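*Asks:* Structure below; questions to follow.
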Amino acid sequence: MKVFVESTFSSCENNAYYTTQIYEFFSKNGFELTKDESDADFIVIVTCGFDKERKENALDIIKHYACNHLYKKKIIVTGCLPKIDYESVRIPGTIVISLNDLVKFNDIFKPEIKIEDIKSNIIKDGIRAILS
């Protein structure tokens, strides 16, 4: 199974932390991480909703993937925005996972190593380079 992970604002330490944790979750569980969303079975979008500009950027990115891949691929929206404004990210056909409910990744992917056991206390330098 191939997974594409996108951070909408990797300069935020909180976003980079969760993006790294999610990236490591897939990597340590043997999923193939791809840099091309068209190759992916799952698209995971880690959002930021700190201010109006970041929220609008995140929503634009979500809409881009929904317009191009909805119902062809599974799209998961997570990060801060679902906690801040859940209704804005609820697009039919997507899966929304708040940061408080990251354990839902375990339900979806049935991993050997659960997401709560992935400790990403070191934010990877260049997370954007890893994901893009």
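*Asks:* Please verify whether segment 32-44 includes one or more residues that are part of a helix (DSSP H, G or I), within 15 Å of VAL96 (Cα to Cα) and either open to solvent by 30 Å² or more (accessible area, probe 1.4 Å) or at pLDDT below 95 (or both).
*Replies:* Step one: filter segment 32-44 for residues part of a helix (DSSP H, G or I), giving 37-39.
Next, only the ones that are within 15 Å of VAL96 (Cα to Cα) stay: none.
Among the residues of segment 32-44, not one is part of a helix (DSSP H, G or I), within 15 Å of VAL96 (Cα to Cα) and either open to solvent by 30 Å² or more (accessible area, probe 1.4 Å) or at pLDDT below 95 (or both), which makes the answer no.
*Asks:* State whether the residues of segment 48-57 include one that is modelled with pLDDT of 95 or more, within 14 Å of the chain's Cα centre (by Cα) and either more than 14 Å from LYS2 (Cα to Cα) or not in a strand (DSSP E or B) (or both).
*Replies:* Checked segment 48-57: no residue is modelled with pLDDT of 95 or more, within 14 Å of the chain's Cα centre (by Cα) and either more than 14 Å from LYS2 (Cα to Cα) or not in a strand (DSSP E or B) (or both).
*Asks:* With the requirement that a residue be surrounded by fewer than 18 Cβ atoms within 10 Å (Cβ to Cβ), in contact (Cβ under 8 Å) with a residue 24 or more places away in the chain and within 21 Å of GLY30 (Cα to Cα), what does segment 81-108 give you?
*Replies:* Selection gives ILE108 alone.
*Asks:* Considering only segment 72-104, state which residues are part of a strand (DSSP E or B) and among the polar types (S, T, N, Q).
*Replies:* We begin by selecting, within segment 72-104, every residue part of a strand (DSSP E or B); these are 73-79, 94-96.
Correct list: THR78, THR94.
*Asks:* Please state which of the following conditions THR19 fails to meet, knowing it meets all the rest: (1) closer than 19 Å to LYS73 by Cα; (2) of a type outside the set (A, V, I, L, M, F, W, C); (3) open to solvent by less than 40 Å² (accessible area, probe 1.4 Å).
*Replies:* (1)
The values are calculated or read from the model by the stated rules, or taken from the named source; none is laboratory data. This structure is a prediction, so every number in the text was calculated from the model and none was measured. So basically every Cβ, Gly included, is an ideal-geometry build from the backbone, and we count neighbours across all protein chains shown. Just so you know, the surface numbers come from the protein's heavy atoms only, side chains and all, with ligands and any DNA or RNA stripped out. Shrake-Rupley method; radii C 1.70, N 1.55, O 1.52, S 1.80 Å.
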